[in-house]
Structure formats: structure tokens, C-alpha cells
Amino acid sequence: MTKNNQLNKNLLICGDNLKALDDLKKKGIKVDLIYLDPPFFSNRHYEVVWGDEAEVRSFKDRWAGGINVYIEWIRERVIKMYDLLKDTGSLYFHCDWHASHYLKVMMDSIFGINNIMNEIIWQRTKSHNDPKQYGRIHDSILFYTKSKTYTWNQQYLPYDEEYIKKAFRYVAENGRKYQTQPLHASKPGGDTHYKWKGQYPPIGRYWAFSKENMKKMDEEGRIAYSKKGTPRYKIYADESKGRILQDMWIDIPGVHLMGKERLGFPTQKPEALLERIVKASSNKENLILDPFCGCGTAMAVAKKLGRRWIGIDISPTAIFLIEQRLKKLGARKSKEFDTIGMPTTLSELKALEPFEFQNWVINEMKAKHSKKFVSDMGIDGYYDKTIFTDPTGIQVKQSEKVGRNVVDNFETALKRGEYEKGFIVAFSFTRGAHEEVARVKGKGLDIKLVRVEDLLLGKVKI
């Protein structure tokens, strides 16, 4: 996998990041930038709609045992991230008001109290209705470095029109707006104490440029002169990089305002937010790690900006979504990235959370997920007319020896939903289930029983 501590290909890992981080360390991997956006300490359960077809997924953000358990759960992972980070590397920890103060103390104990560069405030929305309290509209991003010698590319914000009007008050003959700044300096840069067009620099100071360079700038029209003949350097508005970025980011709205990016993931972050972080704290070909990669925003941004990447998530559903997202960006699986850790055995599938198992089955069946979760009435997935001429429903059972009663109930669900065909997917079926399928077929309803093992081995023909 590695050569000179470098990845041959980008890597998408399905599994607990505690183990995955250990495996990366054993392989000698070192990363340049880590962005982590772990589940917030918010005691919520998300039931989420994904994608244009309103595909249903379920994600948990629930922590038993209180804040101390949560912080320790995070701490043991951050320690492993610290070990993977290069000495020139940086880490950005995305959190919210529930635990940011606890997390900062924990992070200080690992990185050192002097290695926090900023607590960045990101305003994710303009307003929020929180009864009997001020609206909560921001997240915090804790920016740490491993040492004082770290990768840094200064980021800028464009000037607004009002600022340009006030600051760039002069207009050149060609119509370009400009401001001026002094051409003298406090320390000499060589032979810089000379007479320029009848003037010496102020007492105790020096010209900022050599006489040769002053002449060149003058010929290029880069020097303006006051009424007293004092030379000043012209700075054109259209050449300025803008305002230096500060630690309060109010110019990047949340994903709910960006329809094109929306994937339905409950805590999805906008690409613009990750672009800013990746540009500031990494260079091309640097290696980015996101150990809670969710719907893969960090991976998508790294792909676009020419960085290498590693993404880790415990959810097979999330990994599948990231694969699809990267595919749309032109990333070719096995050519540009490998996926490891996805369920490949019956025992692994039996151990999945119920809705992770359901999502895995629907994805493997290349079907669509039901538009409703609580009220799906026994229909977990379906095929539309792009696959089958007749409407076809799917029911998923994470069970062995599925019997006659399941087929009966599915028959009712199909008729209620006006489906004409159906699949039941389970680990095994009883003789009674097969007999019941034969009975309903005689009534004009086609139900097929699909074993998970056959689906896993690619034996199911849709």
C-alpha cells in the first residue's frame, strides 16, 4: 500500500476509526492535514432523507453516559490522529456549543496549550428560532498545529464595494482605482538612502527599494506624488488579494441554502468551508485525512484541489454514498481510490445496525429507498419504470427462517401500494414461505424470495 510512507492510491475505509487509525500508523502513513467533524454531543437521532429520489437513511448522534464518556471517546481517537500528523501538519476540529469548551481543554492536553492557532467561528445560518434564548447560528472549529513550523497559505476575502469606494479613492488615467502607501522603511535594504527627485526619505528612515527599482516602478507608472513631491506606491484595487481572512467566517452559508450540493446528510458541510481549510493548511499532493468522513465533502474537495486523501467512516451507507459522489467527479474506483472494510461475509452483515443492513441490501439490489421511513408499511425499497415495467417493491428482513406470515403481510403491503411484483430479502426462508409465494402467484402477484448469501455472491439477477 505504501512507498516511502506515501499512499499509492487514495483510500476509503469502512470501519471504526479507532482501529483504522492504528492500521495507518502501522503502515507508516503520515498526513499533512486532518479535518474531523465527529457526531456532536447533541443527543439527537437523525432520520434522514438523502438524494434526489428521497432515499431514506438513518444515522445516530446519541451518547449514553454523559459528557465525560463523550470526551474520552474522542480523546483516544485524537491521540492516534496526533501520532499520524506530520510535524508540519494541522488539525481542524469541528464542534458546536454543547462540548466545544470541554474539547478545547482535551485538545490542549494533547497538542499543547500554545499550539491552538484559532477558535474559528463559522456562522452556518443567518437566524434560528430557539425559544427563550438567543438563536444558535454558529459552530466552532478548533485549529491546532503540531509545531510552530506548519504549512500555511494566507487566505483572503474580496473587498466589498463600500470598502473599495472608501479605501481606493484615486482613479488612474486608464480608469483603474488605486490607493497609495509610503515608499520608505524603517530599516535599510541595501543602498537605500539616496536622493529621489529632489527628496530624501524622512529622517531616520530609508527608501523601501533600490534606486534602480524606484526608476523601474516610476517608468511603469507605479509611483504617485503628493503636492509636495513625496513619492508613494500605487496599489490598484484590481490587483489586491483582498482582506486577510479573520477567525469569524460569516460568508459561507450552510448546505441547506446550496441545492446543488445537498445530499441529505444531516450534518453535511458546504464544500466552500472545506476548500478554505484545505487551501490554507495544505499544498498540492499533500495527504488529507477525515476520520469521520460522513458524506465525503473533504474527499470531494481534496479531489478537486489536487490533494491525496484518506476517508474513514463506520457506516457502509456513508461509504457507498461517497463512492457515488466521487464517481460523479470522475474518480475511478480501483484506479484512483480503493475501498476497504465493507461487509463481505454473512456474519458481518448480521452484525450491522438494522437500517445499515437495510441500506446495504437496497444498494446491492440497485433499487431506490422508500420515500418514507416510519410509514413505509412494509416496503423498504422499490424499482420504478426505469428498471421494471411493472411497479416492484422490496422488503428486507435481517432474519433467518422467514416464514409464511411475512409473505402474507408483504402481499398486503404490495396491494396497498399498488405494486405488481415484489422481492423479500432475508438470510433464509421456511418451506411455508415458498408455499405462500406459489399461492399468491396463482392470484397474479409475483413475489421472489432472495437469500442474502446469493445477493452477496452476485448470484441475484434483477
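Values quoted throughout were computed directly from the atomic coordinates according to the rules given, and no laboratory measurement underlies them. This one's a predicted model, so the numbers in the text were calculated from it and none came from an experiment. Here the Cβ is made from the backbone with ideal geometry for all residues, glycine too, and neighbour counts use every protein chain on show.
Lysines within cross-link reach of residue 228: Cα-Cα under 18 Å, excluding same-chain residues under 8 positions apart?
195, 197
Using a Cα-Cα cut-off of under 20 Å, which lysines could be cross-linked to residue 304, ignoring same-chain neighbours fewer than 8 residues away?
Once the sequence-local lysines are set aside, what remains near residue 304 is 9, 260, 269, 279, 284, 327, 328, 333, 335.
Hey, what number do you get for the chain at 222 nm if only DSSP H runs of n ≥ 4 count, each worth -39500 (n - 2.57), divided across all residues, to the nearest 500?
-8500 deg cm²/dmol
Below 14 angstrom from the Cβ of residue 119, what's the summed charge of the other residues (Lys, Arg +1; Asp, Glu -1)?
Values: positive: 104; negative: 96, 108, 139, 247.
Surrounding charge for residue 119 is -3.
With a 10 Å Cβ neighbour count serving as the proxy for reagent exposure, in which order, fewest first, do 192, 344, 317, 386 appear?
So the residues, fewest neighbours to most, are 386, 344, 192, 317.
For region 157-239, what's the relative contact order in percent, using C-alpha pairs closer than 8 Å and at least 6 residues apart? Before the final figure, lay out the partial values.
Values: 106 pairs, mean separation 27.0, N = 83.
This gives 33 percent for region 157-239.
Taking the Cβ-Cβ separation of residue 119 and residue 174 as r and a Förster radius of 30 Å, what is the calculated FRET efficiency to the nearest 0.05? Working shown, then result.
Numbers: r = 44 Å, r/R0 = 1.47.
Computed FRET efficiency for residue 119 and residue 174 comes out at 0.10.
Rounded, prolate or oblate for region 157-239? Axes are the square roots of the Cα gyration tensor eigenvalues, ordered a ≥ b ≥ c, and the cut-off for rounded is a/c under 1.5. Working shown, then result.
Details: a/c = 2.20, a/b = 1.90, b/c = 1.16.
Because a/c hits 1.5 or more and a/b exceeds b/c, region 157-239 counts as prolate.
Taking only Cα atoms, what is the 0 to 90° angle, nearest 10, from helix 404-416's long axis to the longest principal axis of the chain?
Its long axis makes an angle of about 60 degrees.
Add +1 for every Lys or Arg and -1 for every Asp or Glu among the other residues with Cβ under 14 Å from the Cβ of residue 206, and state the total. Don't jump to the answer; show the numbers that get you there.
Details: positive: 187, 195, 205, 211; negative: 191.
Combined, the nearby Lys, Arg, Asp and Glu give +3.
Please compute the modelled spin-label separation between residue 181 and residue 386, points set 7 Å along Cα→Cβ, answer in nm with one decimal.
5.4 nm
Picking from 178, 214, 235, whose Cα lies most toward the positive end of the charge dipole for region 157-239 (charges on Cβ: Lys, Arg +1; Asp, Glu -1)?
214
Highest first, please rank the peptides 127-135, 306-314 by the mean number of other Cβ atoms sitting within 10 Å of their residues.
Working: 127-135: 7.8, 306-314: 23.2.
Result, highest mean Cβ count within 10 Å first: 306-314, 127-135.
Could you tell me what % of all Cα pairs in region 347-456 have separations over 15 Å? Please report the intermediate quantities before stating the final value.
On the way: 3616 of 5995 pairs.
Every Cα pair in region 347-456 considered, those over 15 Å come to 60 percent.
With the contact rule set at Cα under 8 Å and sequence spacing of 6 or more, what percent relative contact order holds for the chain?
On the way: 809 pairs, mean separation 76.2, N = 462.
For the chain, the relative contact order is 16 percent.
Whole-Hz ³J(HN,Hα) for each residue in region 175-185, computed from phi via Karplus 6.51 cos²θ - 1.76 cosθ + 1.60 with θ = phi - 60°, x for glycine and proline: what do you get?
Couplings: x, 6, 7, 8, 10, 10, 9, x, 9, 10, 9 Hz.
Antiparallel DSSP bridges in region 341-462: what percent, to the nearest 5? Mind showing how you got there, number by number?
Working: 5 of 17 bridges.
So the antiparallel bridges amount to about 30 percent of the total.
What is the magnitude of the charge dipole of the chain about its Cα centre, with +1 placed on the Cβ of each Lys and Arg, -1 on the Cβ of each Asp and Glu, and no other charges, expressed in debye to the nearest 20? Present the calculation step by step, with values, prior to reporting the outcome.
On the way: 77 positive and 59 negative charges, 341 e Å.
Dipole about the Cα centre, nearest 20: 1640 debye.
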